[in-house]
Structure formats: C-alpha cells, structure tokens
Amino acid sequence: MYRYYFKSRNLDSLGRLETTLEQSGIARDRIHVVSESTTAESPYLRLNTVADLLKRDMLRRGVMGMLIGAGLVAGLLLVAYFANWFADSTTSALVVIGSVLLFGYCTWQGGYFGIRLMNNEFKQFESDLRAGHHLLFVELDSRQQAPMLQQAVSAFADVESAGQERGRPKWMLHGQRRFNHLLTEQLP
C-alpha cells in the first residue's frame, strides 16, 4: 500500500477532487481529509474527514504507557514474590489490586500525554495544517494507480502534492472496511 498526500487551502477543491477520485474507481474509505478547521466536517462538503481522536497520538502513546505499566507490574510482582508477600491472602490481594491500578494508571497516563500531541503520521504536516492548509491523503494498492491519481490532481490548480510514503498494510485496510460494514450495515 502506498499513501499519497496533497494539500490545499480550499476545501471545496478537495471535495471536488475526492468526488473525482471516487468516480475514477478509488474507494471512499481510502480517501481522507485532515484539517484543523471545523468547516471540513460540514455535511454539505461530504468530505471523508479523519476523526479528531485519530489526529492525536493517543493510541500510540497509550500502548507505550501500557508497555511501561506491564514492565512496572512485572517488577512489582517480582518484588512481591521475593519478599514473600504472597504468603498471606491479604497482602497478595493488595499486590494484585496495586498491580491492576498501576497498569491502568500507566496506560491512562500514556493516552493522556498522547492526546496533546499530533499523530505521528501527520506530524510532518503540522506547520501546514496550522497555517490553514487542509490535507487530503489517498491510499492506493500499487504504484500503477499513481499516474491516474496525478492526472486527476493536475486538474485542480490550487491542490499541490505534499509527498508520499508507504501506507498501512492491505490486511489492516480490509479489516477496517469489514468493521465499518459491520457497524453501518449489519448492526443498525
């Protein structure tokens, strides 16, 4: 998978570009818009915006906090074992409760720290986003689709290329599509 980034100050152009790309055969769930502006979420634009929580680094930092918490809990359990705190049911219950609380606190603290930071995937565009640009990114299966993408973008004078990189694995996108289908089509 490859991810192509484009930026513009005009949300209407990005909306028209998104429609053009969808008509060219690129699935809607592979086209996303990142913006600091709340106008991007306006229903008349019909943009596929990235959720606010996904613009932040909460998930990645939460996992880091979880790993730190797991290490601290392992250390606490080792100390408790060698100090023979598991001999009594009262102290063993306190050790288990303390371990759960320590693990939960570290995970929460990591997520709390991450919610204040820009997501790592968008960090390179942070200055552009703060300057008023809006970012559109497209995830494609192969580089063979890139010329079609560049041709569609060239029709919009105020949209410029902002870079490209390896995107998420195909299995992850497929799982996301199946999950969204479950939530929107199967459950309601």
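The values are calculated or read from the model by the stated rules, or taken from the named source; none is laboratory data. Note that the structure is a prediction, hence the values are computed from the model and not measured. Note: ideal-geometry Cβ built from the backbone for every residue, glycine included; neighbour counts use all protein chains shown.
Structure values in brief
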read-out	value
Unmet requirement for ASP12, which otherwise passes all of (1) among the acidic types (Asp, Glu); (2) surrounded by fewer than 17 Cβ atoms within 10 Å (Cβ to Cβ); (3) touching a helix residue (DSSP H, G or I) at 6+ places or on another chain (Cβ under 9 Å)	(3)
Residue that is modelled with the highest pLDDT, among those in segment 27-53 that are farther than 23 Å from PRO169 by Cβ and part of a helix (DSSP H, G or I)	ASP52
Of residues in segment 59-118 being surrounded by 12 or more Cβ atoms within 10 Å (Cβ to Cβ) and charged (D, E, K, R), the one farthest from the chain's Cα centre (by Cα)	ARG61
Flag for ALA51 being exposed (fewer than 13 other Cβ atoms within 10 Å of the Cβ), out of contact with any Ser or Thr (no Cβ under 7 Å at 6 or more places or on another chain) and among the aliphatic types (A, V, I, L, M)	yes
Scan of segment 15-39 for residues that are surrounded by 19 or more Cβ atoms within 10 Å (Cβ to Cβ) and under 14 Å from LEU129 (Cα atoms), ordered by number	VAL33, VAL34, SER35
Per-region count, segment 12-26, residues among the aliphatic types (A, V, I, L, M) and either in a loop (DSSP other than H, G, I, E, B) or within 21 Å of the chain's Cα centre (by Cα) (or both)	2
Given (1) aromatic (Phe, Trp, Tyr); (2) crowded, with 17+ Cβ neighbours inside 10 Å; (3) out of contact with any Phe, Trp or Tyr (no Cβ under 7 Å at 6 or more places or on another chain), number of the condition PHE137 does not satisfy	(3)
